[in-house]
Amino acid sequence: MSSPTARPYGPADKAGTRPALVYEVQKVMKFESELNPQFGEEVAQKAHGEKLFACIQCGTCSGTCPVSHYMDYAPRRIIQMVREGFEQEVLTSSTIWLCASCYQCTVDCPQQIKLTDIMYALKQIAIARHLYPKNFSVPIMAEEFFKQVAKNGRNSEGKLMIGIAWRTHFLNLLKYSRLGMKLFTTGRMGLVEQGIENKEQLRTLLRGVEKTS
Amino acid sequence: MKYLYYPGCSLKSTGKPYEESLKAVFSALKVPLEELRDWNCCGATAYMAVDEVKSFALSARNLALAESQGEPAPNGMVQLIAPCSACYAGTLKTQRYLAENADIRRRVERGLSDASLTYSGRVQVRHPLDVLINDVGVERIKEAVKSPLGARVACYYGCQIVRPYAAFDNQQVPASLDTLVAAIGGTPLDWPMKTRCCGGSLVGTIREVGLRLNYLILREASRRGADLVATTCPLCQFGLECFQPGMNASFQASVRMPVAFFTQLVGLSFAIPERELGLQRLFVPYKKASIGG
C-alpha cells in the first residue's frame with residue numbers, strides 16, 4: 001500500500017505531496033422492481049401514440065440539440081430512460097425544461113420520432129404532479145402564461161414578467177428594470193392588460209374541451 | 001385578393017416595429033391586409049407545456065374566426081398571415097393534429113360547438129415571407145425598390161418558421177429570406193446559424209443558457225462581417241437585440257449588432273420613412289449607410 005504522501009498522480013503541492021487522481025464514481029443501481037414499467041406507454045400515449053419504442057439510440061437528437069450540453073440527460077438518454085421506466089429521474093431532470101421546442105431533433109430523427117412532443121408530454125406530467133424545484137421559473141412561466149390566456153385570451157408581456165418574478169425571485173425585477181424602462185420608452189411594452197372582446201366564448205370553448213377529458 | 005392578418009400578442013408589444021413595417025410594406029405593394037377580428041393568443045410553447053388539447057383549441061378558435069371573416073382565394077382557402085413564428089408554427093401544428101388525430105379533433109370540436117364556432121379546414125396559414133416570395137414575387141418587389149439596401153445581411157430564420165410543419169422552404173438550408181434580401185439590394189451572407197435556435201423564452205427563464213444561445217448567433221454574424229442581422233420572428237429579435245448588454249457582461253464581449261425585422265429592410269429599400277417602419281424603436285439603431293447601395 002502506498003502512503004498518502006507518495007501518491008503518483010496529480011500536480012505536487014509545496015510540500016511535494018501529490019493528491020490522488022480519484023474520481024468519485026457514484027453509480028446508483030436500480031432494480032427492475034423500482035422502475036415503472038408502464039411509464040413508457042403512458043408517455044407514448046400522451047404524445048399521441050408516439051413511437052418511442054422505435055428509437056435505435058443513434059444519438060442524432062443529442063448531437064443536433066443546441067442545449068444538450070446543459071442537460072443532465074441528453075435527449076437520447078431521456079428516450080431510453082422513459083422506455084425503461086425511470087419515471088422519477090426523467091420527471092425531475094433539467095432536460096425537459098431546457099428544451100426550447102426548436103424541433104431540430106424532430107426534423108432530424110431517422111425514425112421520425114417526434115421528440116419535441118415527447119418533451120411536451122413530460123412537461124405536462126411534471127407540471128400536473130408539481131415535480132419541479134421551488135422558484136424554478138420555466139414551469140412557473142408556463143403556468144402564469146396559461147392562467148393569463150385562459151382569463152383574457154391574450155398575454156401581456158409586461159404583466160407576465162412581473163408575475164414570474166413575483167413567484168420566483170422578486171429581486172429579478174430589479175435586474176430587468178432597465179430593460180423594462182427601455183421597452184416602455186420605445187413603445188414596445190405597455191402596462192395595460194391585453195384581452196379579447198368575447199372572453200365568454202373562449203371560456204365556453206375551453207370548458208367544452210375539459211368536459212371531454 | 002385579401003389577406004387576413006393574425007398579429008399575435010408579440011406584434012402588439014415587443015414586436016411592434018414588426019407590425020408597423022409589415023403593414024407599411026404590404027400597403028406599398030398594394031396587397032390588402034385586414035386584421036382578424038377578436039383573435040386570441042396561439043398558446044405558444046408555454047400553453048402546450050400545460051395542456052396540449054386546450055392549446056389546440058385556442059388556435060382552432062382563430063381558425064374558425066378566420067373561416068367566417070375571410071373570403072376564399074382562388075384555391076378555395078382563406079389566406080391567414082401569421083408573422084410571429086410561434087403563432088405560425090402553433091396554428092400549423094393545430095391544423096396538422098386536427099386532420100390526423102381523431103381523438104384531438106373530437107375534443108376540440110366539442111369545445112368549438114359549445115362556443116358556437118365551426119371550422120371545416122378551409123384556412124391556409126401563411127408566413128409573410130412566404131407571401132412576399134411566392135405570391136407577390138421577386139419581380140414585383142424588385143420593381144418597387146427605390147433605394148437598394150447595400151448592406152451585408154446575416155439572414156436569420158430561427159427555428160419555428162421552417163420546422164417542422166412549414167412547407168414553403170427547405171428545413172435544413174432555407175433560402176427564401178436570402179432571395180428577398182438579394183432582391184432589395186442587400187448581400188446575404190453565407191453562414192451556418194440560419195436556423196439555429198435562439199432559445200426563445202429561455203433568456204427570461206434560464207438566463208445563462210438563453211444568453212449564450214443568442215450570443216453564439218451574433219458572434220458568428222460579426223465574424224462573417226455582417227452589418228446587421230435580419231430576423232423573421234419577434235421573440236428572436238427581442239432576445240438577439242435587447243439582451244446584448246447582458247451578453248457582453250456575461251461573455252466579456254463587445255457585441256453591438258443591429259437586429260432588424262426583414263420587413264423593416266424591405267421598407268427601407270422602398271424608401272418608406274423610417275418612423276413608419278418603427279426603426280426608432282430598435283435598441284441598436286440601424287441607419288442605412290449609403291443611399292443607392
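Please treat every number below as a calculation from the coordinates, not as lab data. A quick note: this is a predicted structure, and the numbers were derived from the prediction, not measured. Note that each Cβ is placed from the backbone with ideal geometry, even for glycine, and that neighbours are counted across all protein chains shown.
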Label-point gap, in nm, between B:E208 and B:K146 - each point 7 angstrom along Cα→Cβ: 5.1
Expected vector for the stretch A:124-137, Karplus 3J(HN,Hα) from phi with 6.51, -1.76, 1.60 and θ = phi - 60°, integer Hz, x for Gly and Pro, equals 4, 5, 5, 5, 4, 9, 6, 9, 8, x, 4, 6, 7, 7
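What share of Cα pairs, in percent, lie more than 15 angstrom apart in the stretch A:78-122?
42
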Report the Rg/Rh value for the stretch B:157-258, based on alpha-carbon coordinates and the Kirkwood definition of Rh. 0.96
Just subtract the alpha-carbon distance of B:A253 and B:E35 from 0.36 nm times their residue separation and send over the number in nm, one decimal. 74.3 nm
Could you go through the stretch A:189-198 in sequence order and give the Karplus-derived ³J(HN,Hα) for each residue, using 6.51 cos²θ - 1.76 cosθ + 1.60 with θ = phi - 60°, rounded to whole Hz, and x for Gly and Pro? 8, x, 9, 6, 6, 7, x, 9, 6, 8
Working from Cα positions, state the angle (0 to 90°, nearest 10) between the long axis of helix B:102-114 and the longest principal axis of chain B. 80
What is the spin-label model distance, in nm, from A:K147 to B:T118 if the labels are put 7 Å beyond Cα along the C-beta direction? 3.8
What list of ³J(HN,Hα) values in whole Hz, one per residue of the stretch B:263-280 in order, does the Karplus curve 6.51 cos²θ - 1.76 cosθ + 1.60 (θ = phi - 60°) give from phi, with Gly and Pro shown as x? 5, 5, 5, 4, x, 4, 5, 7, 6, 7, x, 4, 5, 5, 9, x, 5, 5
Whole percent per 5 Å bin, from 0 to the bin with the longest distance: what is P(r) over all C-alpha pairs of chain B? 1, 6, 12, 16, 19, 16, 13, 9, 5, 3, 1, 0
Alpha carbon centre of the stretch B:131-149 versus the stretch B:1-59: separation in Å? 23
Determine the shape class of the stretch B:221-293: with a ≥ b ≥ c the square roots of the Cα gyration tensor eigenvalues, call it rounded for a/c under 1.5, and otherwise prolate if a/b is greater than b/c, oblate otherwise. prolate
Whole angstrom only: what separates the Cα centroid of the stretch A:114-150 from the Cα centroid of the stretch B:167-229? 28
Nearest-0.05 FRET efficiency for A:M181 and B:R275, computed from C-beta distance (R0 22 Å): 0.55
Sorting check: for B:65-73, B:249-257, which peptide has the highest mean count of neighbouring beta carbons within 10 Å, and how do the rest follow? B:65-73, B:249-257
Treat each spin label as a single point 7 Å out from the Cα along the C-beta direction, and report the A:H48 to A:F31 distance in nm. 4.1
Mind scanning A:K123/A:K151; A:K114/A:K175; B:K16/B:K287; A:K134/A:K211; A:K134/A:K159; A:K30/A:K51 and naming the pairs with a C-alpha gap bigger than 27 Å? A:K114/A:K175; A:K134/A:K211
Which of the aspartates and glutamates could be linked to B:K146 by a straight reach, that is with a Cα gap under 15 Å, when you skip same-chain ones fewer than 8 residues away? B:E274
Under a straight-distance cross-link criterion of Cα-Cα below 18 Å, which aspartates and glutamates are reachable from B:K194, leaving out those fewer than 8 residues away in the same chain? A:D108, B:D130, B:D169, B:D178, B:E220, B:D227, B:E241
In percent, what relative contact order does chain A have, based on Cα pairs under 8 Å that are 6 or more apart in sequence? 14
Size of charge dipole - the stretch A:34-132 - debye, nearest 20, with Cβ of Lys, Arg +1 and Asp, Glu -1, no other charges: 200
Starting from the coordinates of the alpha-carbon atoms of the protein assembly as shown, obtain the Kirkwood hydrodynamic radius over all distinct pairs and give the value in Å to one decimal. 24.2
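By how many nm would the segment from A:R167 to A:V192 lengthen if fully extended, with 0.36 nm per residue of separation less the alpha-carbon distance?
So the chain would gain 6.9 nm between A:R167 and A:V192.
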Could you work out the helix-only [θ] at 222 nm for chain A, with each DSSP H run of four or more residues adding -39,500 (n - 2.57) and the total divided by the number of residues, to the nearest 500 deg cm²/dmol? -13500 deg cm²/dmol
